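The values are calculated or read from the model by the stated rules, or taken from the named source; none is laboratory data. Just so we're clear, the structure is a prediction, and the values are computed from it rather than from any experiment. Here the Cβ positions follow ideal geometry from the backbone for every residue, glycine too, while neighbour counts run over all protein chains shown.
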Amino acid sequence: MSRLTSPHAQQVYAAAAQFIERGLRQDDSLFTPGHAIWTAENVESLHDYFVNNPIEGTELKFTEKLERQLSGAPDQTIQLMAEFLFVHLLIATKECIGGKSKRSMIQGVLSGMEAPIKIPADLRQALDNGVANPGMAFLIHRPFMIYYVLDFVRAWKKRDSTQKDRLLEDGWAFREFLFKIDRSKARTQRHALLHLVHPERFEAITSVKMKRDIARGLSPYIDDPSANIDRQLGQIRHNLSQERGEGFEAFWDPEILRLWKPEANPWHEVLKWAKRFYESGHFEARERDYKLKIAQHIQAAITAVRDERPGWSKTLRRAFGSPNNLTSWRAHDAFLNWCDTNPDTARLALLQLWDEEENLRERLLGFFERLPKQVISGPSGRLSIASFLLMGQDPARYAFYKYTVVWRAFEYVDYTKPEDKRVEADTYLHTLEFLDAFIEEIAAKGVELRDRLDAQGLLFMVTRASLSELEFLSDEERRAYAEFRGLKAIPRVWIFQANTNEYALSEKLQNQEVGDTDWWRVTRYRDEIAKDDVVLLWESGANAGVYAVGRLVTDPVQAQADGPADPSCTVDFELVNILDQPILRDTLKRDAQLKDLPIIRAPQGTNFRVSKEAFNRLLFLFPELLEGLDVEADPSKLEMAEPFATHFTDIDEANWTFDLMRHTAEQLGVRGKDDARFSLYKWERDSLEFGLFFGERKVMAIGWSGWSDERVKLALDCELASELGIPQTYLFASAEDEPQIGIYRMSIKQAKSLGAPLREASERALEQTRDKYAHWTRSKYRNDHIQPLFEALFDDPTRRFILLNGWQAAEEPNEAPVYRLEDALEDLFVSRDKFKVILELLSARKNIILQGPPGIGKTFICKRLAYALMGEKDESRVEMVQFHQSYTYEDFIQGYRPSEEGAGFHRANGVFFEFCERARQADPNIPYIFIIDEINRGNLSKIFGELMMSIEPDKRGREWGINLQYAQPGEAKFSVPENVHLIGMMNTADRSLALVDYALRRRFAFVDLKPKFNKKFEAFLAQQDVHKSVIEQIVTRLTRLNRDIAADKPELGEGFCVGHSYFCSARGAQDGEAWYRRVIEYDIAPLLREYWFDRPEQAEEKIRALLEAF
């Protein structure tokens, strides 16, 4: 039977039954039973509004066109369209369109009614999961699908009840009826109706092509090839079920799918590529040899731990060093640091893990019990460390576990996943079973793997190899592999920030796993954020940074009643990678370009854009981000820092050089990055080179300039080197009784092509060098040693960082301090909510004016607003000027000034012009703030001139450029960049000034600030050691004074009140009352005498009241 049996399918069929009963048998309604909606009259009305009123073009979305088409339609007509949409969308699975999007579309139509209604709860739920994926045509040709539904219902309403009953009882008659209704681009809808109305008769397949593919693939089971396609599928289902002895649910069940689509065998593609890679001749060097070397290092650590040797943790740390590229350096660094600080507990945990008398599950559980979860975040990271350590016991049995590789392999072959990934021990045992299954499957293809190490290496290559590493593939094979992997160009990328005060992202991720879906709020870029975009999930706070990676599975939609209780837009995403250790904000700020990411420069907000260039840089510096993403970093598009940019043709060449140096150092027995026997430095004379010295002997160098193309110098065994035909430069070990060692010069291309013979000549020379000069303890060139370069030989993250930033950048930079909202509110008497409103105004409107009476701290607040908007205290992005009556356009924008030589004039740019040019050169998402004190003291129309329009928020950018007053012919037009924000300050008590020009007033948001003799003010004075009685008198007397001033209208009013900042310099006051009297006599009394200059007796009365003894 073709009817599906899953619980969600039953919801769909129950909804379809309502459609049949209320819409086809009756003229009732799906959403409001008992109301006549599916009537012939309403159908014709909808036909007039929808079909006869088309809107052509692609500028508007379907929903936008529909809203216009239904404008003015009766509620019954609008509701019928919404119910038609419900029928249309009912069949589609969430792989095509999600339930939230379906409901949003339908509810959007219903919102156009004068008395809007909602979708009933049972029908809403039925939209979550459909029963067929109708494909892209379903989305692209939606108007034609609705036309078909309308045509079908129009024809249906002309049938009498007897005819309707027959069509609903006889599936083949119903099919014949449907096929008489012809509408182009709507075949998908026709086949959807077939299954919804007769699910027992017709398959849950809406694609005609798929039906034909099934018939073609299973043609031996067809009795009558001349029958229509649906009868053929019925014959196949009947005959195939009889042959199998049991029925089946759907033609895409795995066992059935393989019968009509052999390439659909989930193992097929994986095994094909695994076989190709294993037989390529590159597998051993790429995936096996170095892992066996790692295992040897771990074996040494096992011995050191078991014997409780002093310094065993250093031996363990060495095991995680070169050539290890398996574990995340952040994860293993955190683990090793824990071992150093908790040696006793760590040793017990390791002994438990390596106790072969216990079964593997118990060993893992004991290890994880002792390893605190906070050391390595997430079960996957902990299991990676444990499996790495197990390799030391037997790499052939205990394979390294990388969850993104394993999980992707599970998905590729449709292998059952562990029931609970959080039980790490069971996950690992399940993975080993999977590797054994893989070995059996590939053996059927004629490939005999030696062990699980082979299996794990092949899965690594199949699931995560980059195209740049697969040079042995032909161009056609590379294209096919990219298609198999779904490798794509760098997608659109966003950072979604979680505010730790509202959403503890890191804690939530502890209970989530890859593949889980969730939602996020979208507060900006709604029209740009789209399905399939990549999101980096960022947590704010002290440990701000990237914690996980997701991929959007829906477009942004307005939240509905069943969604999150939030009026803003939301979007659904799937977790594709939970990082073992977060990539912290402080780490990103060390990079020359990533420090300018919008979320670092201006962290206020939820959604932030990440450019493709920035994401490519992120992928290169932090390759762990690639896990779970079908994208690749492109190092060829990255610019190296000096001196590497001059000395290497590209990053690949730089990496090859560092690898060669590393191999040389390892052959000489390097003891780690602090081994003083080695020196690596940049030599500059008649030529340039990076030279690696062992003691006083140069053993390897890469050079430029006078070297022509022969840029590699390498220590080689002379006898073997002569066979290779390489020119010798000089000897450095030439005693008669021992083999000669010389320095040889060659090109990089030649060095690469010589392969194994060159390696043998090098290793023999280095072995002799190591033995001959074993007495060396320190290189004579150590004073010129460049430590970051040497560290880069053995630590890939360090190498990547210095290649892009220079080795000098490896030191911690001096950075502008982070500035958070809490920092801005410190010692500020404005409430948190009020400050956030002002900050949001500044961000959105770009231009604000803070106005208020004297002494309320307008300048103090201005600077804090600027820093809070930037997210850091960066003075270089803040400029402040003060207007006055002599201030001009020439000072502010541009004008002519006398030349320094005294002859003539030259054109000079003003302070605002220069500020805008600085801001224009920065990232457009990084805010720059220009502060104007006493903004109403200048002649504003004269100072701003033609820029009056350019400062408007929607008139920013080059497209709104204008010619300045003193512009030269052909000169580029000037504009105010979008990242420039203006803050003006205005004293409302200065009555010598005119009101602000209306033309300027409407371009600014005005914020009133008032004196704040409140609890925060009292607490501040208390912190300054002002006595409580003095504080009480200040608050009481100044509050009373301000009440009198505010009531004195029209002469004074609230704009003349006295501010609190007169009392904010109280630190160190020994005598509180004397300090208070000084403030009154020398600051406030003169102000009051000016206020009541025409009523001096009133001024003196107020002053006396303020100066009364306490």
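Given the structure, is Val109 within 19 Å of Gly23 (Cα to Cα), out of contact with any Cys (no Cβ under 6 Å at 6 or more places or on another chain) and aliphatic (A, V, I, L, M)? Before you say what the answer is, go through the steps one by one.
Working: within 19 Å of Gly23 (Cα to Cα): yes; out of contact with any Cys (no Cβ under 6 Å at 6 or more places or on another chain): yes; aliphatic (A, V, I, L, M): yes.
Considered against the rule, which asks whether it is within 19 Å of Gly23 (Cα to Cα), out of contact with any Cys (no Cβ under 6 Å at 6 or more places or on another chain) and aliphatic (A, V, I, L, M), Val109 comes out as yes.
Hey, could you check the stretch 531-543 for residues that are touching a Leu at 6+ places or on another chain (Cβ under 7 Å) and among the aliphatic types (A, V, I, L, M) and say which is surrounded by the most Cβ atoms within 10 Å (Cβ to Cβ)?
First, the residues of the stretch 531-543 that are touching a Leu at 6+ places or on another chain (Cβ under 7 Å): 531-535, 537, 539, 543.
Checking which are among the aliphatic types (A, V, I, L, M) leaves us with 534-535, 537.
Details: Val534: 23, Val535: 24, Leu537: 26.
Restricting to residues being touching a Leu at 6+ places or on another chain (Cβ under 7 Å) and among the aliphatic types (A, V, I, L, M), the top hit is Leu537.
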Task: Subset tally (residues that are in a strand (DSSP E or B) and surrounded by fewer than 18 Cβ atoms within 10 Å (Cβ to Cβ)) for the stretch 865-894 - done: 2
Open item on the list: Restricting to the stretch 307-336, name every residue that is touching a helix residue (DSSP H, G or I) at 6+ places or on another chain (Cβ under 7 Å) and in a helix (DSSP H, G or I).
Closed with: Trp312, Ser313, Thr315, Leu316, Arg317, Arg318, Ala319, Trp329, Ala331, His332, Phe335, Leu336
Task: So Glu1073, is it under 18 Å from Ala1109 (Cα atoms), modelled with pLDDT under 85 and of a type in the set (Asp, Glu) - done: yes
Open item on the list: Considering only residues that are closer than 19 Å to Tyr148 by Cα and assigned to a loop (DSSP other than H, G, I, E, B), which ones fall in the stretch 82-137?
Closed with: Ile91, Asn133, Pro134, Gly135
TODO: Please determine, by comparing only the residues of the stretch 380-403 that are in contact (Cβ under 8 Å) with a residue 60 or more places away in the chain and within 28 Å of the chain's Cα centre (by Cα), which one is farthest from Cys339 (Cα to Cα).
DONE: Tyr403
Open item on the list: Considering only residues that are buried (at least 17 other Cβ atoms within 10 Å of the Cβ) and small (Gly, Ala, Ser), which ones fall in the stretch 379-431?
Closed with: Ser380, Gly381, Ser384, Ala386, Ser387, Gly392, Ala399, Ala409, Ala425
Task: Criterion: modelled with pLDDT of 90 or more and not aromatic (Phe, Trp, Tyr) - qualifying residue of Leu625, Leu588 - done: Leu588
Open item on the list: Condition check: of a type in the set (Phe, Trp, Tyr), surrounded by 14 or more Cβ atoms within 10 Å (Cβ to Cβ) and over 30 Å from Ser611 (Cα atoms). Does Tyr928 satisfy that?
Closed with: no
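Here is a check on your reading of the model: is Glu263 at pLDDT 90 or above, in a helix (DSSP H, G or I) and on the phi < 0 side of the Ramachandran plot? Give the steps one after another, and end with the answer.
Details: at pLDDT 90 or above: no; in a helix (DSSP H, G or I): yes; on the phi < 0 side of the Ramachandran plot: yes.
In short, no.
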Open item on the list: If I go through the stretch 915-939 residue by residue, how many of them are within 37 Å of the chain's Cα centre (by Cα), among the charged types (D, E, K, R) and in a loop (DSSP other than H, G, I, E, B)?
Closed with: 1
TODO: Output the residues belonging to the stretch 226-247 that are farther than 26 Å from Phe179 by Cα and surrounded by 14 or more Cβ atoms within 10 Å (Cβ to Cβ).
DONE: Asn239, Leu240, Ser241
Open item on the list: Conditions first: (1) at pLDDT 85 or above; (2) within 28 Å of Ile600 (Cα to Cα). Gly957 passes all but one, so which condition is the exception?
Closed with: (1)
TODO: Determine if the stretch 396-406 includes at least one residue that is modelled with pLDDT of 85 or more, within 29 Å of Val305 (Cβ to Cβ) and part of a helix (DSSP H, G or I).
DONE: yes
Task: Close pairs (8 angstrom Cβ cut-off, 6 or more residues apart or separate chains): of a type in the set (Ser, Thr, Tyr) in the stretch 338-358, surrounded by fewer than 18 Cβ atoms within 10 Å (Cβ to Cβ) anywhere - done: Thr345/Arg370
- [ ] For Lys417, indicate whether it is modelled with pLDDT under 85, touching a Lys or Arg at 6+ places or on another chain (Cβ under 9 Å) and assigned to a loop (DSSP other than H, G, I, E, B).
- [x] no
Open item on the list: For the stretch 775-811, give me each residue that is touching a Gly at 6+ places or on another chain (Cβ under 9 Å) and over 26 Å from Ile583 (Cβ atoms).
Closed with: His775, Trp776, Thr777, Arg778, Ser779, Lys780, Tyr781
TODO: Any residue in the stretch 780-793 that's farther than 22 Å from Asp659 by Cβ: show its pairings with residues that are among the small types (Gly, Ala, Ser) and loosely packed, with under 14 Cβ neighbours inside 10 Å at Cβ separation under 8 Å, as long as the two are six or more apart or on different chains.
DONE: Arg782/Ala676
